[in-house]
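Some notes on the structure that comes next.
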Amino acid sequence: MSKVQETKQTDLLERLKQAQHRYGYLSEKTIARIAKALDMPIGEAYGVATFYSFLDTKPQGRNIIRVCKSLPCFLKDYQMITDSIEGEIGIKPGETTPDGRFSFQLTNCIGACDKAPAIMINSDVHSDLTPDKIAQILRAYK
Amino acid sequence: MPEKKVVLRNCRVIDPRQIDSYLARDGFQALKKARDEMTPEQVIAEVKASGLRGRGGAGFPCGLKWELARKSQEAEKYIIANADEGEMGTFKDRYILENDPFSLIEALAIAGYAVGAEKGYIYLRAEYHNLLDLLTNAIKQAKQKGRLDFDIELREGAGAYVCGEETALMDSIEGKRGEIRYRPPYPPTKGLWQRPTVINNVETLMNIPPIILNGAGWFSKMGTAESKGTKVFSVSGDVNKPGVYELVMGSSLRELVAALAQAERVRMVQVGGAGGRILPYAMIDTSLAYESVLGAGAVIVLDESRDAIDVVYKSLEFMAEESCGKCAPCREGTEVMMEIIGRFWRGEGEARDLKILPELAEVMRLASLCGLGQTTPTPVIDSLQYFSGDYQNKIGAKGGARV
């Protein structure tokens, strides 16, 4: 593989991440456009876009809540946190609020096990959570 | 054996945003010594003599890896710091990067010199996005102070546990799906872009500056026959003091869990994450070393109120979701195993499953391409051995006779 091809190849994931950041998700059009710009089959770009959990192919809310459901958070009753978030924003994991403010997902270990239960909202980690802290935390995300 | 700070020597001591506080603690002296007083071969010889092995779980001898890459006949070579810490229950690298980003950078530059590498990468998991600034700042300050002329690029993942596996990580840097490669060839011969590449865990690299400064003899005095130095553990679960602890290799699980993390009424400990061992309290005096049990140092403690099926179910759920899907034993095996354990989790287990599980486990262990599929059965096998009663309690009404 030539250096030029290497640069194009490595750019694929970087451009997909940038587009995700800009548009909040990767539409078929966006994926096709990136693939074309890099001289690559659309299938290859789509394959990468669907491999990573921080890349979405469906529209997401402005803020993405990720609740850690792995064992250390399970032991600290993450279900309580999930219930509290459901109560606050009225949607279940896998859904997006009608006003587009929040998407709500469950995720695997985010590396905050010493401060479980923990969640991420966008890039921010919130830890040592109790259900009563949730409302106030969510208020900061518009 | 006691707590000892080698890897964590600067954590909570220096200011991770100010290089001067690092320089005041012999910062970049090891790089200077390596460059001014040692040939690359001598650096490698020192690392080999220290007995340092990989801290990401596999335990491959670090110096040997470096030597293989050094001897590979290619103009361009790379060094990668694996900061894609995704193992369930692991957060030690996060703690290290938060508190001492400079040592990692210095270590990468030393590795680059020893191997003859063109460039270094730090591959950081997307979940640690907020650490990017700190690392960028550390590289910038080191360059401004004239301490670093080695090119280091930061690359961020996009949410995939399997990218912590070395070949999947390199595919991810290349912009591809993070899928496992067939080996051989191994990274020191054909790695990133098919060029010789050394890929080391963050914690492994953190040991390099002190080894260069204090000598291999100083390092190899610590630990056991096969496990030299210290290990950093991430302790979570049912403990009063969760957190990061660094102990001399060979210390007992009891010392870590009971004395330091202050666990009480322990029923079992999962060591090594989702693919790790599940040890009953009766084995609490097991020593933590490559010879016995170690992994990447994830230690999840469960007290007497806990059920082994929960541990196994959550571990399998993790692995089934994170399997890259390249090889059938892992892609299909994790799903089937999850389905079976799921039945027990819901109290609908079947007695015949207890015979099927070990057979399936053996196929996955032997035939999977990488550590993910190979280790997924570990908690299943351990729990069947030590906590078979927990399975019996979950056999449903239609599940056949209890065996």
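The values are calculated or read from the model by the stated rules, or taken from the named source; none is laboratory data. All values derive from a computational prediction rather than experimental measurement. So basically every Cβ, Gly included, is an ideal-geometry build from the backbone, and we count neighbours across all protein chains shown.
Against the numbered list (1) out of contact with any strand residue (DSSP E or B) (no Cβ under 7 Å at 6 or more places or on another chain); (2) over 21 Å from B:SER323 (Cβ atoms); (3) not in a strand (DSSP E or B), A:GLN60 comes up short only at (1).
With respect to the conditions (1) in contact with a helix residue (DSSP H, G or I) (Cβ under 6 Å, 6 or more places away or on another chain); (2) of a type in the set (A, V, I, L, M); (3) closer than 16 Å to B:PRO379 by Cβ, B:ALA216 lacks only one, and its number is (3). Answer with yes or no whether B:LEU384 is in a helix (DSSP H, G or I), in contact with a Leu (Cβ under 7 Å, 6 or more places away or on another chain) and not assigned by TED's automatic domain parsing to the domain that holds B:ALA282. When the stated conditions are applied, B:LEU384 passes them. The set of residues in region A:55-71 that are surrounded by 21 or more Cβ atoms within 10 Å (Cβ to Cβ) and within 11 Å of another protein chain (Cβ to nearest Cβ) comprises A:LEU55, A:ARG66, A:CYS68, A:LYS69, A:SER70, A:LEU71.
Within region A:24-54, the only residue that satisfies the criterion of being more than 13 Å from chain B (Cβ to nearest Cβ), closer than 21 Å to A:GLN105 by Cα and out of contact with any Pro (no Cβ under 7 Å at 6 or more places or on another chain) is A:SER27. Yes or no: B:LEU132 under 14 Å from the mean Cα position of the chain (by Cα), within 14 Å of chain A (Cβ to nearest Cβ) and either of a type in the set (Lys, Arg) or within 21 Å of A:LYS17 (Cβ to Cβ) (or both)? So B:LEU132 fails the test. Within region A:100-121, the set of residues being within 12 Å of the chain's Cα centre (by Cα) and more than 9 Å from chain B (Cβ to nearest Cβ) comprises A:PHE102, A:SER103, A:PHE104, A:GLN105, A:LEU106, A:ILE119, A:ILE121. Reported count of residues in region B:140-155, each being surrounded by fewer than 22 Cβ atoms within 10 Å (Cβ to Cβ) and either within 9 Å of another protein chain (Cβ to nearest Cβ) or assigned to a helix (DSSP H, G or I) (or both), is 5. Those helices (runs of 4 or more DSSP H) of region B:16-101 in which 1 or more residues are touching a strand residue (DSSP E or B) at 6+ places or on another chain (Cβ under 8 Å) and surrounded by 21 or more Cβ atoms within 10 Å (Cβ to Cβ) occupy B:40-50, B:62-71, B:92-99. Has region A:17-38 got at least one residue that is of a type in the set (Phe, Trp, Tyr), crowded, with 20+ Cβ neighbours inside 10 Å and either out of contact with any strand residue (DSSP E or B) (no Cβ under 9 Å at 6 or more places or on another chain) or closer than 30 Å to A:ALA135 by Cβ (or both)? Among the residues of region A:17-38, not one is of a type in the set (Phe, Trp, Tyr), crowded, with 20+ Cβ neighbours inside 10 Å and either out of contact with any strand residue (DSSP E or B) (no Cβ under 9 Å at 6 or more places or on another chain) or closer than 30 Å to A:ALA135 by Cβ (or both), which makes the answer no. For region B:275-283, the criterion of being in contact with a helix residue (DSSP H, G or I) (Cβ under 8 Å, 6 or more places away or on another chain), at pLDDT 95 or above and assigned to a loop (DSSP other than H, G, I, E, B) is met by at least one residue. In region B:102-120, what count of residues is obtained for those that are closer than 16 Å to B:LEU192 by Cα and either without any contact (Cβ under 8 Å) to a residue 60 or more places away in the chain or not in a helix (DSSP H, G or I) (or both)? So the answer is 6.
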